[in-house]
Amino acid sequence: MALEGGMKCVKFLVFFFNFLFWLCGVALIVIGILVQIDLNKTLIMSSASASGAPIVIIVVGVVIFFVSFFGCCGASKENYCMVTTFAILLTCIFLVEIAAAIAGYIFKDKVRTALQVGLEDAVRKYSNDSLIRDTMDELQKTYSCCGAQNYTDWFDVEPFESNHSVPRSCCLANATTATCNINPTSATINVRGCADSVETWLKKHIVIVAAVALGIAFFELLGIVFACCLMKGIRSGYEVM
């Protein structure tokens, strides 16, 4: 059974949108992996919530990857069952994404809490763990920050408590003195806390993430509509036969 006329165009559109979904799935998997690596390198989270977002991104990417492949096969073979399954799965993904967006908005304040807790824990363990020390130094240099809430966090831990100092990674990029981290001031170090700096960075880039998510959701809606049209065309063809 072969489709005719406008249904062939719909079949092509379903195949085309599935190819776009497949690319989106690959992109989400890559983004999720990169975000997870970046979190492990910079945020030093001690709670499982730190890995929640990138894991969700990776899972959604994998699901979209396989669902889109399933849809391509269904469209190319003009298989009613496969196209129907694809439309149902795509609808479920769309609903899950809406639920995830709502949940993300409701629990957005927990991101700040997770950042704060993770960074405070890193400050406490700075002198006893070389991996945390290197990671915290890199974080403070990258985000031009110092401490969790602010630079005074270092005054409560050894060895900085004894001489009223901070790590050298807190020093300003243009600092020229070797003692810029001793008795620090705003003229010698970055005084802003890393929790604020990282949160600002996340808010700045969340607009891009939201725009991409909105674009994917739009294509998913079109994919659902075209899949339903293709289902109707395939079923009509079977009824004629």
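The values are calculated or read from the model by the stated rules, or taken from the named source; none is laboratory data. These numbers were taken from a predicted model, which means no experiment stands behind them. Cβ coordinates were reconstructed from backbone atoms using ideal geometry, including for glycine residues, and neighbour counts include every protein chain displayed. In case anyone asks, the SASA skips ligands and DNA or RNA and just uses the protein heavy atoms, side chains included. Shrake-Rupley method; radii C 1.70, N 1.55, O 1.52, S 1.80 Å.
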Cα convex hull of region 79-226: how many Å³ per residue? 143
Measure off 7 Å from each Cα along the Cα-to-Cβ vector at residue 205 and residue 218, then give the distance between these two points in nanometres to one decimal. 2.3
Expected sort for 176-185, 84-93 on mean C-beta neighbours within 10 Å, highest first, is 84-93, 176-185
Within-13-Å neighbourhood charge of residue 212 [Cβ basis; K, R +1; D, E -1]: -2
Express in Å², to the nearest 10, the accessible area of residue 231 obtained by rolling a 1.4 Å probe over the protein heavy atoms while all chains stay in place. 30
What does the charge add up to near residue 175, with Lys and Arg as +1, Asp and Glu as -1, over the other residues with Cβ less than 14 Å from its Cβ? +2
Residue 88-residue 110 FRET efficiency (beta carbon distance; Förster radius 30 Å; 0.05 resolution): 0.40
Mind ranking 135, 188 by accessible surface for me, highest first, 1.4 Å probe? 188, 135
Please compute the per residue accessible area over region 130-229 with all protein chains in place, 1.4 Å probe, rounded to a whole number of Å². 55
Residue-span extension gain [residue 172 to residue 69] - 0.36 nm each, minus C-alpha spacing: 32.0 nm
Rounded to the nearest 0.05, what FRET efficiency is calculated for residue 33 and residue 9 with R0 set to 41 Å and r the Cβ-Cβ distance? 0.65
How would you rank 189-196, 94-101, highest first, on the average number of other Cβ atoms within 10 Å across their residues? 189-196, 94-101
Using a Förster distance of 30 Å, the FRET efficiency for residue 187-residue 133 (Cβ separation, nearest 0.05): 0.75
